[in-house]
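Below you'll find the structure, written out as structure tokens, and then a few comments.
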Amino acid sequence: MVKKEYQIIAKNYDLAGRASSDIKRTLKSMNTCRSLMKRVCSSSYEAEINIVIHSYGGYAIFEMNDHEIRLEFHDDGPGILDIELAMQEGYSTATEHDHMNGFGAGMGLSNIKKSADTMDLKSTIDGTDLILTFKITGECYDED
Ligand SMILES: Nc1ncnc2c1ncn2[C@@H]1O[C@H](COP(=O)(O)OP(=O)(O)O)[C@@H](O)[C@H]1O
Ligand SMILES: [Mg+2]
């Protein structure tokens, strides 16, 4: 069982992606197969960037046991007004400044939905909570 926690700082474009890089390093050290690693890392990156560009700041928790990888992302608001709309491909409230930094294509949440085995997204004005799980199957360790 591995458990790690990361602070995610709002509007800090230099540190953006740092938690996801460490998660990737951890998965590599656990010999996680490439396809699972890709799904986990892309989801983790999108969720982390969302906290950086859209929220007042938050944190992530990475947990892994023999059967499952679990990612949690929590932030302090302002929350997602309409989750159904936010989940749509291409929908984004990102600013010009975000775009200049290479963020805000509006594909983050929809890609997370495709990548994770389960996705639980809840949001109020006080914050957004995103919990993702990825199953670790036997075959996974045989490839790559
Ligand atoms: N943690 C968050 N806090 C507030 N709003 C969010 C958060 N994550 C996503 N959103 C909202 O959902 C929209 C869609 O997110 P996403 O699909 O990742 O696209 P993008 O981040 O490129 O805008 C965002 O533009 C934003 O309005
Ligand atoms: Mg995003």
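Which percent of the accessible area of the stretch 2-141 is formed by carbon and sulfur heavy atoms (probe 1.4 angstrom)? So the carbon and sulfur contribution to the accessible surface is 51 percent. Between the C-alpha center of the stretch 70-144 and that of the stretch 1-45 there is a gap of 14 Å.
Positive end of the dipole of the chain, charges at C-beta (+1 Lys, Arg; -1 Asp, Glu), about the Cα centre: which of A86, I23, A116 has its Cα farthest in that direction? Working it through, the farthest residue towards the positive pole turns out to be I23. In loop segments of the stretch 35-126 as defined by DSSP, the chymotrypsin sites (Phe, Trp or Tyr not before Pro) with at most 16 further C-beta atoms inside 10 Å of their C-beta are Y56, Y91. For K113 and S29, the FRET efficiency from 1/(1 + (r/R0)^6), where r spans their Cβ atoms and R0 equals 30 Å, is about 0.60. Modelled label positions at M1 and N101, each set 7 Å beyond Cα in the direction of Cβ, lie 3.5 nm from each other. Taking a sphere under 12 Å around the Cβ of V2 and counting the other residues whose Cβ falls inside, with K and R at +1 and D and E at -1, yields a net charge of -1.
Among the lysines of the stretch 3-144, pairs at least eight places apart or on separate chains and with Cα atoms under 17 Å apart come to 15.
Averaged over its residues, the stretch 2-141 has an accessible area of 55 Å² per residue, based on protein heavy atoms and a 1.4 Å probe. Within 10 Å, at most 16 other Cβ atoms, and a DSSP state outside H, G, I, E, B define an exposed site. Report the longest part of the chain free of exposed GluC sites (Glu not before Pro). With GluC sites (Glu not before Pro) excluded where exposed in loops, the chain gives 1-88 as its longest stretch. Where a ≥ b ≥ c are the square roots of the eigenvalues of the C-alpha gyration tensor, would you call the chain rounded, which needs a/c under 1.5, or, failing that, prolate if a/b is larger than b/c, or oblate? The shape class here is prolate.
Legend: helices of the chain (whole DSSP H runs) are marked when their alpha-carbon atoms reach 20 angstrom or more along the helix axis and their mean Kyte-Doolittle hydropathy is at least 0.0; marked are 34-54. Net charge in the neighbourhood of S42 (other residues with Cβ under 13 Å of its Cβ; Lys, Arg +1, Asp, Glu -1) is +4.
The values are calculated or read from the model by the stated rules, or taken from the named source; none is laboratory data. This is a predicted model, so every value here is computed, not measured. Quick reminder, even Gly has a Cβ in these numbers, built from the backbone with ideal geometry, and neighbours come from all protein chains shown. Heavy atoms of the whole protein, side chains included, go into the accessibility calculation; ligands, DNA and RNA do not. Shrake-Rupley method; radii C 1.70, N 1.55, O 1.52, S 1.80 Å.
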